[in-house]
Each structure stands twice: as C-alpha cells, then as structure tokens.
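The values are calculated or read from the model by the stated rules, or taken from the named source; none is laboratory data. A quick note: this is a predicted structure, and the numbers were derived from the prediction, not measured. Cβ: placed from backbone, ideal geometry, glycine included. Neighbour counts: every protein chain shown. Please note that ligands, DNA and RNA were not included when accessible areas were found on the heavy atoms of the full protein model with its side chains. Shrake-Rupley method; radii C 1.70, N 1.55, O 1.52, S 1.80 Å.
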Amino acid sequence: MAERVVLAYSGGLDTSVGIGWLRDATGKEVVALAVDVGQGGEDMDDIRQRALDCGAVESIVVDAKEEFANDFLMPALKANALYQKRYPLVSALSRPVIAKHLAITAHELGANSVAHGCTGKGNDQVRFEAAVAALAPELTSIAPVRDLALTRDKAIVYAEEHNLPIRQSAKNPYSIDKNVWGRAVETGFLEDPWNAPIEDLYEYTMDPSVAKPADEIVITFSSGIPTAIDGVAVTPLQAVEKLNELAGKHGVGRIDVVEDRLVGIKSREVYEAPAAIALIEAHEALESLTMERDLNRYKRGVEAEWANLVYDGLWYSGLKRALDVFIDDTQRFVSGDIRLKLQGGRATVTGQKSEQSLYDFSLATYDTGDTFDQSLSKGFIEIWSLPSKISARRDLKG
Ligand code: ARG
C-alpha cells in the first residue's frame, strides 16, 4: 500500500493544487483534511468534494468550532492575549487546533506524514510543524509551497492543465486567513505601510466613521469565561459569534500594525477582530475589579509571555502549559457583569459589578462614610521611603 500524507486543506488554490503536486513529487496518497474553525464563506461540503475532485484519496471535514472556542479562544481570553499589545493571535490560535486534527487523522489512517500550504516566510509553517512535532514526533511535515517549490504562477498553470475545479482566486491580491476569532489580511498594496487600508479590506467590521447611535451591552463572566450577553445564556462560541456581530457593527477591533514575525521579517498586517477586542476589554476590566493588586500586576507580565509563546508556535510546550495553570488559578474570582458601550470603533467599559469585587466604597470615598484612617498613611510613607532616604544620604554625599 502506498504511503499516505494528510494535508491541511483550505479549499483554496495552493492546497488544491498541492494535492496533485504532493502526490506527483512524493508518490504518497493524499488525504485532505479541512478543519472548520468558523472561517465562514464556503460550504464545508463543497470544500470536501473539491479535494476529491483534485485527486485526494479521502477527504475529511472536522467541525472544530466548539473545540476551538472552548480550548483555544477561552484560554486566550483569560490571558488577555495580545501579541505586541495589539494582535489577538487570530491565526496563531487556529494552527494548534488544526495541527491536532492532522495528527489524530494521521494516526487513524496510518499516514506517516502531514502537509500544509504555508510558504517559507511566515509564522504559520513554524506553528504547524512545531505543534505536530510536540503531538506526534514520529510524523514528518511536508510543505509543498515551500519544500516542493510550488509557486502561485505554477499553481495556476497546474490547475489549468489538470482542469482542476478551482475558482480563479488568482486575482485577489490579498492573503487572507480567518476564523471566528478574527481575520488577517496581508500583501497587495498593504505591503507599503504608508498606504492606508481601504474599506474593501474589511468583512467582519463596518466602517466606524459612519455615525450611528451607540449600543450598550452587558457581558456576564463566570471565572473568566463569558456566560451571558444581556442576560441571555451563551456558550463560548455563541459569545464570540454574537459579539462579532454586535461589536463588528460599530467597527470595533480594526488593527493595523507592522508586526515582528518569528522568522525575523517585519510585516504589515491588517486585522479585524471585533469579538476578541470587546471581550478582552471587558475581561481585563473585570480582573481589575476582582483581583488583588500584586496578582493583577504580575499577571500582566505573564500575559505578554503567554502571547509571545503562542505567537511563536509553542502552544504545546511545557512553559505554556505551566502558565495556563497559573492563569487558570487567577480566574477563580473573575465573575460578574461588565457593561460595554459600542460606538465609533471602540468598546468602552461604562459599568462593572461583581459579587467578588474588591472595590470597597467606604475605603474609596472622599464623601462621608469614609472608613480609611488617613493618619496611618504618615507612618506608612515614613517606612516606605526609608530605603530611598538612606541611599540618598550616601548618593548625595559626594
Ligand atoms: N501575521 C499573522 C500571524 O502570523 C497572520 C498570518 C495570517 N496568514 C495569512 N495567510 N494571511 O499570526
């Protein structure tokens, strides 16, 4: 029996041509695996059929939307994960779930390798292969675009020569990756960072400069996870889908950055992630309300480390696992309601309450009812500044 390779299949030009290209170059039978992470657009059944029409011996579709939301997006939300303080890790979060299903399918079907359609210049090749290496070290990874020199021009010629049923997407100048957490757009005229993004680029968000009345919503969290919107119970996936709609309408979550890729290149990226940005804004506020000062401060550093690891393809690593244990522990009391105002591209927290709140009115107030004994501050500051005072005496001497 011929050896088999499981290809992460998107239905696009590169991975469709990749099926025949892989088979011709390696002699392996190609199994196509399309993972639904809420990318929307085409019917997954059409994608499944297209892989067969392009020469796959088997074609599988996995609905991983709930799993993606529960096991990947919720940890990212608990970590308020933003790479370089801006990018909510849209693509970086989907690669480990796709890689997991590549490894599972390879085991089930007795394949000894997996494949993906990434180029040799991006982060995603690293994420796929590092995840597969961590989950199934016996599998080898093949990247037809990178390793077998499948360029876009060659792909178009191959598709025409072999009469492959692929929509001519060759004219779309952008490279787009999307899932339920957001959308990433690269290349084309965006490669000059001086060129402003145009309205055409966006799909998840409406133009925030078009005036419309604000919407106010209340998100209820339970131990860091959104459980209701305006009092209606939601699953994590439903929360993300609903907020994409509500926040997307106000243009929340448009991001335009020059980003540091793992492979050393700086690249210009345009993202839209309305639910991710609205949820992180709300979650972070609730943490400030319910978490003690040192823990809150320390966690912000852990969050940056977590985002770096995930960006760098180390989802399945010891350090990331250990940080998850820490982060999970911090979420114990992160329960309550956050009111958000959505307008003009922003999600602004306008109200916060929690039964676990550490906010104490009688300590904070400047009005009557103050229970804070201000006379204690004098002695506190005396001792607090003692090290500064002692060293200053020495430093100022000579
Ligand atoms: N730069 C982002 C990342 O590394 C997005 C990559 C998206 N991929 C794409 N084909 N547009 O996570």
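Taking the Cα centre of the chain as reference, the dipole from Cβ charges on Lys and Arg (+1) and Asp and Glu (-1) amounts to some 1260 debye.
Computed from the C-beta positions of Asp45 and His162 and an R0 of 30 Å, the FRET efficiency is 0.85 to the nearest 0.05.
When both the stretch 193-235 and the stretch 270-335 are represented by their alpha-carbon centers, they are found 20 Å apart.
Across all directions, the shadow cast by the convex hull of the stretch 316-398 built on its C-alpha atoms averages 13.0 square nanometres. In the chain, the DSSP-assigned H stretches of four residues or longer account for a calculated mean residue ellipticity at 222 nm of -12500 deg cm²/dmol, using -39500 (n - 2.57) per stretch and the full residue count as denominator. Estimated at 0.36 nm per residue, the fully extended path between Ala364 and Tyr316 surpasses their Cα-Cα distance by 12.9 nm. Both radii were evaluated on the Cα set of the stretch 229-303; the Rg over Rh quotient, with Rh as the Kirkwood radius, amounts to 1.07. Each part gets one Cα centre, and for the stretch 101-142 versus the stretch 383-398 those centres are 58 Å apart.
Over 26 Å apart at the Cα level, from the set Lys242/Lys353; Lys85/Lys212; Lys242/Lys266; Lys78/Lys178, are Lys85/Lys212; Lys242/Lys266. In summary, the aspartates and glutamates within cross-link reach of Lys249, defined as a Cα separation below 20 angstrom excluding same-chain residues under 8 places away, comprise Glu199, Asp200, Glu203, Asp207, Asp215, Glu216, Asp230, Glu241, Glu272, Glu281. Neighbours of Lys389 by Cβ distance under 14 Å: Lys/Arg scored +1, Asp/Glu scored -1, total +1.
Putting +1 on Lys and Arg Cβ atoms and -1 on Asp and Glu Cβ atoms, find which of Ala64, Ala304, Ile19 reaches farthest to the positive end of the dipole of the chain. Positive-end residue among those listed: Ala304. Taken along the Cα-to-beta-carbon direction at a fixed 7 Å, the label points for Thr187 and Arg332 span 4.9 nm. Evaluated on the chain, the Kirkwood hydrodynamic radius is 23.4 Å, with distances taken between all distinct Cα atoms. Using a 1.4 Å probe over the heavy atoms of the protein chains, calculate the carbon and sulfur portion of the accessible area of the stretch 36-75 as a whole percent. Carbon-and-sulfur percentage of accessible area, whole number: 42. Element breakdown for the stretch 111-180 at a 1.4 angstrom probe: carbon and sulfur atoms account for 54% of the accessible area. For the stretch 1-134, the relative contact order comes to 29 percent (Cα pairs under 8 Å, sequence separation of at least 6). Under the simplified labelling scheme, the Ser222-Arg261 pair shows an inter-label distance of 4.3 nm, with each label point 7 Å from Cα along Cα→Cβ.
Annotation: per residue accessible area for the chain equals 49 Å², rounded to a whole number [probe 1.4 Å, protein chains only]. Going 7 Å from the Cα of Ala392 toward and past its Cβ, which residues in the stretch 364-384 have a backbone nitrogen under 19 Å from where you end up? Counting only backbone N, you get 377-384.
Can you pull the percent of the stretch 207-298's accessible area that's carbon plus sulfur, 1.4 Å probe, other chains left in place? Within the stretch 207-298, the accessible surface is 53 percent carbon and sulfur.
Using C-alpha pairs under 8 Å with a sequence gap of at least 6, the mean separation divided by the residue count of the chain gives a relative contact order of 17 percent.
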